[in-house]
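Enquirer: Okay, here's the structure, questions in a sec.
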Amino acid sequence: MDPLPGGSATPADDLNSATPAAAVSRWAFTFSQQYQHLLDKSTPYVLYRWIAFLFIAFVYVLRVYLIQGFYVVTYALGIYILNLLIGFLSPQVDPEFSDGLTLPTRGSDEFRPFVRRLPEFKFWYSITKAFSIAFVLTFFSIFDVPVFWPILVFYWIVLCMLTLRRQILHMIKYKYVPFSVGKQRYDRKSAPTADNERLPS
């Protein structure tokens with residue numbers, strides 16, 4: 001059937017657009033837009049975001065402690081957190097596999113800011129989402145696999161030590177620090193240069 005004059009839709013098209021699937025699709029799109037808008041607005045509030053994460057993590061740890069279970073879920077969560085932490089501490093371009101210099105190795109080198117492989121916001125978002133999902137899983141008994149939890153804790157500590165040791169050796173080898181605390185900052189109140197000293201006052 002041809003569309004009506006003026007480009008308007010036919011009654012059949014109106015029926016198709018009013019199906020439950022189309023309504024759910026529109027609702028999901030609107031919800032995702034609003035959710036992304038809230039995430040974008042929360043980006044500059046670093047301290048409040050991490051306080052919210054600590055609250056969620058505390059609630060999860062408290063629930064696991066009270067019900068004395070879901071140790072496999074907690075172990076998987078710990079492995080995922082370790083993976084996120086390595087991405088957060090690693091440079092975006094690994095100097096070991098790059099052709100040119102990506103990080104300054106001497107004080108006279110050109111300043112290049114440290115760019116993380118996993119930015120702070122994505123790190124926060126991923127770890128918060130992981131704790132939230134793990135919290136929801138604690139309401140389903142199918143995920144409460146009986147296991148001797150001290151073995152999981154010991155294995156996770158060994159894995160964490162080995163992984164972080166390798167990361168620290170990588171940082172020492174290529175002389176980079178993934179944190180800005182204690183680094184020299186340059187602003188307009190810095191000492192005058194030689195050019196400025198020659199200018200008349």
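The values are calculated or read from the model by the stated rules, or taken from the named source; none is laboratory data. Values in this document were obtained by computation on a predicted structure and should not be read as measured data. Here Cβ is always computed from backbone atoms with ideal geometry, including for glycine, and neighbour counts include all displayed protein chains.
Enquirer: Going through the range 137-166 one residue at a time, which ones are in a helix (DSSP H, G or I) and of a type outside the set (A, V, I, L, M)?
Expert: SER141, PHE143, TRP149, PRO150, PHE154, TYR155, TRP156, CYS160, THR163, ARG165, ARG166 - these are the residues of the range 137-166 that are in a helix (DSSP H, G or I) and of a type outside the set (A, V, I, L, M).
Enquirer: Could you check the range 115-131 and list, in sequence order, the residues that are touching a residue at least 40 places away in the same chain (Cβ under 8 Å), surrounded by 15 or more Cβ atoms within 10 Å (Cβ to Cβ) and of a type outside the set (Val, Ile, Thr)?
Expert: Hits for the range 115-131 are ARG116, PHE121, TRP124, TYR125, SER126, ALA130, PHE131.
Enquirer: From (1) modelled with pLDDT under 95; (2) loosely packed, with under 11 Cβ neighbours inside 10 Å, pick out the condition that doesn't hold for VAL46.
Expert: Failing condition for VAL46: (2).
Enquirer: I've got another one for you. Which one is surrounded by the fewest Cβ atoms within 10 Å (Cβ to Cβ) among residues in the range 167-178 that are within 21 Å of the chain's Cα centre (by Cα) and assigned to a helix (DSSP H, G or I)?
Expert: Per the stated criteria, the residue is ILE168.
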